[in-house]
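Taking it in order: structure first as structure tokens, then the write-up.
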Amino acid sequence: MPRLPRTPLTWLVVAVLAVGAIFGLYWFQPWKLVTDTRVDERLAEVAAPAPTEPVPTPSGMVTASGAPTASAPPATPDAPAGPVLVSRGEFVTHEHDTSGTARVIRTADGKHRLELVGLSTSNGPDLRVWLSDQPVRTGRAGWGVFDDGRWVELGRLKGNRGDQAYDIPARTDLTHLTSVSIWCKRFSVSFGAAALTPAG
């Protein structure tokens with residue numbers, strides 16, 4: 001009985017394996033686990049809140065009720081001329097070791113932006129920066145919660161190390177979006193997250 005040629009089948013198997021390897025490399029991008037992308041953007045110099053101090057009333061210048069006269073009105077603190085810290089929090093580790101500070105800044109023109117200060121995490125495929133309404137939990141229980149509720153994507157992560165800033169869209173409800181996640185959108189998992197606590 002003649003032996004059937006195996007060459008076409010062999011080439012088909014090789015082709016399938018090659019396509020699978022190429023797809024696997026694209027999907028998982030394993031080289032990113034051993035490479036870093038550093039970003040060093042200039043961050044805001046946050047103004048310290050102005051202290052509220054009463055203006056002394058000149059001696060003898062009071063009404064019959066003891067209230068200050070019109071010549072000595074109570075003090076009104078001036079609004080800071082520069083950026084103001086709205087909220088901040090420290091990153092905790094989820095799937096990959098993550099550290100650094102997240103802070104929300106209100107700029108002098110009233111806009112908001114998120115700044116990541118001294119971020120250090122792993123590189124990975126399809127990493128995004130999310131604001132979320134989900135609480136930050138430690139351990140595996142906190143890895144996949146950030147797409148369960150409301151979230152706003154601020155863009156792709158610019159780098160897994162360093163300082164970087166992201167504009168927050170106008171009319172974003174920051175009263176309910178109280179956490180930041182470095183979110184791997186491809187695998188629906190958080191590399192690390194920070195709970196935002198109001199400043200002051």
Item to check | Cα gyration tensor of the stretch 78-146 - equivalent ellipsoid semi-axes, whole Å, descending | outcome: 27, 13, 11
Checklist entry - How far, in nm, would the chain grow between residue 45 and residue 140 when pulled straight, counting 0.36 nm per residue and subtracting the alpha carbon separation? => result 30.7 nm
Checklist entry - How much length is gained on full extension from residue 176 to residue 111, taking 0.36 nm per residue of separation minus their Cα-Cα distance? => result 21.7 nm
Checklist entry - Which value, in Å², gives the accessible area per residue of the stretch 95-200 when a 1.4 Å probe is used on the protein heavy atoms? => result 44
Checklist entry - What is the Å³ per residue value for the convex hull set by the Cα atoms of the stretch 100-200? => result 101
Checklist outcome for this item: If R0 = 41 Å, then residue 37 and residue 81, at their Cβ-Cβ distance, give a FRET efficiency to the nearest 0.05 of 0.75
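Which order do peptides 108-121, 186-199 fall in by mean Cβ count within 10 Å, highest first?
For the peptides 108-121, 186-199, the packing ranking is 186-199, 108-121.
Highest mean first, how do 174-183, 91-100 rank when packing is the count of other Cβ atoms within 10 Å averaged over residues?
Working: 174-183: 21.4, 91-100: 19.2.
Top to bottom by mean Cβ count within 10 Å: 174-183, 91-100.
The values are calculated or read from the model by the stated rules, or taken from the named source; none is laboratory data. Note that the coordinates shown come from a computational prediction; the quantities given were computed from them, not determined experimentally. All Cβ positions, even for glycine, are placed from backbone atoms using ideal geometry, and neighbour counts span all protein chains on display. Accessible surface is based on the protein model in full, side chains and every heavy atom, while ligands, DNA and RNA are left aside. Shrake-Rupley method; radii C 1.70, N 1.55, O 1.52, S 1.80 Å.
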